[in-house]
1. Return the sequence-ordered ³J(HN,Hα) values of the stretch 90-103 in whole Hz as given by the Karplus equation 6.51 cos²θ - 1.76 cosθ + 1.60 applied to θ = phi - 60°, using x for Gly and Pro.
2. How big is the charge dipole of the chain about its Cα centre, in debye rounded to the nearest 20, if each Lys and Arg gets +1 on its Cβ and each Asp and Glu gets -1 on its Cβ?
3. Once you keep just the Cα pairs under 8 angstrom separated by 6 or more residues, what percentage relative contact order results for the stretch 6-122?
4. Sorted from fewest to most neighbouring beta carbons within 10 Å, what does the list Ile119, Ile125 look like?
5. For a protection proxy built on the mean count of beta-carbon atoms within 10 angstrom, sort 102-110, 34-42, 88-96 highest first, please.
6. Using amide H atoms built 1.01 Å from N in the peptide plane, name the residues 5+ places from Leu106, or on other chains, whose amide H lies under 5 Å from its own.
7. Where both partners of a DSSP beta bridge lie in the stretch 6-122, what percent of those bridges are antiparallel, to the nearest 5?
8. Report the far tail of the P(r) of the stretch 6-122, meaning the percent of Cα-Cα pairs longer than 20 Å.
Amino acid sequence: MASLNLVDAFAKFGAKAGVRAQSAIAADGAMVLNCASTYFGHHAEGVLRYQDRLSREAEKARGTIQLGEHLTRALDESLPVRPVIVSRTPMRGGKSSRIVHVRADLVGKVTSFDGDHFIVDFRRIPAPEKPSGKRR
């Protein structure tokens, strides 16, 4: 997977976002979520669970406020959630490199949001069936 910048990664899902965006609503109505790779875990077979807290970021930061609004909307309206995953790779001198990629094969749903802690469960999108090539 090639690393993208955050703006381009959000655009892959049809969403406009800034360089520090936490979330956006795409043209198709889906929520696009900036996910830190370290907050994923396997919850159940076929479910990749993402858990995080708004309080991990600056409370009054515009992106944090907007993320709270988007999570509320996604929960209330059962919007699909599309992940943009950000991970860090250690480099020499204690620095790290940011890697950003999209997972177009996953779609999630906000299953819990209490105003701070939130949970999004992602599942793999079934691949479309290929035609068998047989004619009747």
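Throughout, read-outs are computed from the coordinates displayed, never taken from laboratory work. Worth saying up front: this structure is predicted, and the values here are computed from it rather than measured. FYI the Cβ positions are ideal-geometry reconstructions off the backbone, even for glycines, and counts take in every protein chain you see.
1. 3J(HN,Hα) across the stretch 90-103, in whole Hz: x, 10, 5, x, x, 7, 9, 10, 8, 10, 10, 8, 9, 10.
2. Details: 22 positive and 14 negative charges, 154 e Å.
The calculated dipole for the chain is roughly 740 debye.
3. Numbers: 231 pairs, mean separation 30.9, N = 117.
Value for the stretch 6-122: 26 percent.
4. Details: Ile119 18, Ile125 12.
In increasing order of surrounding Cβ atoms, one gets Ile125, Ile119.
5. Details: 102-110: 17.4, 34-42: 14.7, 88-96: 8.7.
Per-residue Cβ counts within 10 Å, averaged per peptide and sorted highest first, yield 102-110, 34-42, 88-96.
6. Ile125
7. Details: 26 of 32 bridges.
Taking every DSSP beta bridge within the stretch 6-122, about 80 percent pair in antiparallel fashion.
8. Numbers: 2637 of 6786 pairs.
In whole percent, the long-distance tail amounts to 39.
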